[in-house]
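Notes follow the structure.
A short reminder: the numbers here are calculations on the coordinates, not readings from a lab. Just so you know, these numbers come straight off a predicted model, no measurement behind them. Please note: Cβ atoms are built from the backbone with ideal geometry, for glycine as well, and neighbour counts cover all protein chains shown.
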Amino acid sequence: MKAQPEASHFINGAFVEDTDGAVIDCIYPATGEVIARLHSATPAIIEQAIVSALDGQKIWAAMTGTERGRVLRRAADMIRERNQTLSELETYDTGKPLQETLVADATSGADALEYFGGLAAAINGEHIDLGGDFVYTRREPLGLCVGIGAWNYPTQIACWKGAPALACGNAMIFKPSETTPLCALEIASILHEAGLPSGVYNVVQGYGDVGATLTTHPQVDKVSLTGSVPTGQKVMAAAAAGIRHVTMELGGKSPLIVFNDANVEDAVGGALLGNFYSSGQVCSNGTRVFVQEELMDAFTERLIARTEAIRIGDPQDEATQMGPLVSAAQRDKVIDYIGIGEAEGANLATGGKELTLQGMENGFFVEPTVFTGVTDDMRIAREEIFGPVMSVLTFKDEDEVIARANDTEFGLSAGVFTQNLSRGHRAIAQLKAGSCWINTYNLAPVEAPFGGYKKSGVGRENSRAAIEYYSQIKSVYVATGPVDSPY
Ligand code: NAD
C-alpha cells in the first residue's frame, strides 16, 4: 500500500503495533482506494502510551527551556527539509492539492515548532516584591496533555498542539482523526530524531472511543480538541468530571462582510479563499458572505467567473487548485446540504454537482458551489457544512449586518472588506468572534492567537497566549523575618 506506515502507533520513541485493535482503513480521497491499514489503540496500547508519557515528561521537564527549545527548532528545520515528502503524505491523507499542502501544512507545523522553540527559554515566572517578604511564581507544566485532532489539517494540528505543550515541559499523547491517521506519525518520528526524549510525544490511533478513554484517564491533566461542537460538548463534559484543563477548537459559521466601498477583486479573492481552500474544509471559513446592496451585482459577477475558473483535479498535480472532499461521508453531507439549499429557495448560482474525473472515478469531488439570495433563516446559512458551499446574502446598512452576523451560536471568525478605516475597525470590534480579518481572510500565522468565542471554542492556540493553556502558575511566598503568630 502506498502510504503504509511502519506501525499504527508511535510510543516511547518507537513505532508500535497491536493488531488486536479495530482496523482503520486510510482512504485516498481522490481515488477511493485504501492506501494504508492501521489499528485502533487497544487498552494495552493506551496504557503503554500513558506510562511512557509520564516517564518521558519527568526527563523533559527537568531540562532547561533552552534545551527544550533547541529540540523543537531542530525538528522544525527537519520538517522544512522534508516538506516535499510530508506534503505528499498530507495530500494522500486528506486529498488536499499539493499546491496547498506544499505551503500550508508541514510548513505551518514547522512555524509552530520554531516559534514555541524560540519561546521555550522565556517561559518564566515573576518576582513580586512585598517590601521585605516576597513572592515568586513558577510557570510549571500541566503534566500529561492529550491532543485530539480533526481531519482537515492533520500535520498542522499535531504541531499546533504539540509545540506549545512541549515548550512548556509537558508530554503529549496525540490521537489523530481516524480519517487521517498518517501525518502525525511522521511528526512524532521527526521529533524523536531531533532529540526529543522517548515518551514525550506519542501518537495513538483510534476512533472516538479512544479519544474518550484518554479524556477520562486519571493520569491525564489536559485535553486539547480540534473537532466539531457536538464532540467538543462531550469531551468538555468528560474532562469536567476530572476537573481537567481543556482547549476546544471547534466549528464555525463565520460572517464575511463586504461593504460598498470594498475593492471588489480583493473581496472576491477573500471570499474564495474563505470558502474553497481545502475544498471548504476549514473551521474558520467565512461561509456567510454578506454583500452590501450596491455592490451585489459586481461582486457576484466576478465571484461566479472566478469560481468557475477553479481548476479541480488530481491533487498530486501541482497545477490543481481544488481536490476532493476528505471522505465519501463528507461528500454526501455536502451534497445533502446543496439539496437543502435548493429546497429552501436559495439560488444556485454556480456548481452544486458531484464530479466524476477521468482516472479518479471513485474520488469524492464536488464542484465549488455558490448560493445567492440566501436568507438568515435557511439551514445553509446557519449550520456548518464544512465543504465548498458559499452562501451570499445581501444587506443595507452597518448596524443591520453586524446584528445579523452575530446572530449565530458560533463565534470562531469574522472578516470585513472596506476601504473605510474607521468602519473596518468599528465593525470588527462589534463582531463576536475570536479570529478576525480586515481586508483579507483566513491567514493564521503562528504569531497570532487563534480560537473561538461562544460555541466555537475555549482557549487559544498559537502565539504567547497558548502558553497560558499549557502551563500553570505556582505562587511561592517567602518570608524574610520572624513568623508573626498570635498563638
Ligand atoms: P469530530 O468532532 O467528528 O472529531 C474530532 C476528533 O474527536 C476525532 O479525532 C474523533 O475521533 C474524536 N472524537 C470523537 N468522539 C470523541 C469522544 N467522545 N471523545 C473524545 N474524542 C472523540 O470532527 P471532525 O469531523 O474530525 O472535524 C471537523 C470539525 O472540526 C468541524 O466541525 C470543524 O469546524 C472542526 N475544526 C475546528 C478547527 C478549529 O481550530 N476551530 C479546526 C479544524 C476543524
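Here are the numbers for this structure:
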item	result
Whole-angstrom gap from the stretch 273-342 to the stretch 423-481, using each part's C-alpha centre	28 Å
Relative contact order of the stretch 131-286, defined on C-alpha pairs under 8 angstrom at six or more residues apart (%)	21 percent
Listed peptides 158-166, 277-285, 218-226 by packing density, highest first (mean Cβ within 10 Å)	158-166, 277-285, 218-226
Cβ-based charge dipole, the chain, positive-most Cα from 443, 414, 187	187
Cβ charges +1 (Lys, Arg) and -1 (Asp, Glu), total dipole of the chain, debye	1040 debye
Size of electric dipole in the stretch 214-356: Cβ of Lys, Arg +1 and of Asp, Glu -1, about Cα centre, debye, nearest 20	800 debye
Net charge of neighbours whose Cβ lies under 12 Å from the Cβ of residue 343, counting Lys and Arg as +1 and Asp and Glu as -1	-2
Rounded if a/c under 1.5, otherwise prolate or oblate - the stretch 92-247, Cα gyration tensor axes	oblate
Amide H contacts of residue 202 (H built 1.01 Å from N, under 5 Å, at least 5 apart or other chain)	172, 173, 174
Among 324, 381, 349 - extreme Cα towards positive end, dipole of the chain, charges at beta-carbon	381
Order by protection proxy (mean Cβ within 10 Å, highest first), peptides 72-81, 88-97, 233-242	88-97, 72-81, 233-242
Residue-averaged 222 nm ellipticity for the chain, from DSSP H runs of 4+ at -39500 (n - 2.57), nearest 500	-11500 deg cm²/dmol
Degrees separating the helix 264-276 axis from the principal Cα axis of the chain, which is the longest one	60 degrees
Karplus (6.51, -1.76, 1.60) ³J(HN,Hα), θ = phi - 60°, over the stretch 278-288, in Hz, Gly and Pro reported as x	6, 6, x, 9, 10, 4, 8, 3, x, 7, 10
Footprinting exposure proxy for 248, 390 (fewest neighbouring C-beta atoms within 10 Å first)	248, 390
Rounded to 10°, Cα long-axis angle of helix 421-430 versus longest principal axis of the chain	60 degrees
Global geometry of the stretch 15-127, whether rounded, prolate or oblate, following the gyration tensor of its Cα atoms and the 1.5 cut on a/c	oblate
Spatially proximal lysines relative to residue 474 (Cα-Cα < 26 Å; intrachain offsets below 8 disregarded)	58, 161, 222
Sorted by Cβ neighbour density within 10 Å, fewest at the top, the residues 145, 26, 436	436, 26, 145
In Hz, Karplus ³J(HN,Hα) per residue of the stretch 138-151 (6.51, -1.76, 1.60; θ = phi - 60°; x = Gly, Pro)	10, 8, 10, x, 6, x, 10, 10, 9, x, 10, x, 8, 9
Peptide ranges 186-199, 394-407, 316-329 listed from the most packed, as the mean C-beta count within 10 angstrom indicates	186-199, 316-329, 394-407
Prolate/oblate/rounded call for the chain, Cα gyration tensor, a/c under 1.5 rounded	oblate
Vicinal HN-Hα couplings computed from phi for the stretch 469-484 (Karplus, 6.51 cos²θ - 1.76 cosθ + 1.60; Hz; Gly/Pro x)	9, 10, 8, 9, 9, 9, 10, 10, 8, 10, 8, 10, x, x, 7, 8
Relative contact order of the chain, defined on C-alpha pairs under 8 angstrom at six or more residues apart (%)	18 percent
Nearest 10 degrees, 0 to 90: helix 65-81 Cα axis against the chain principal axis	40 degrees
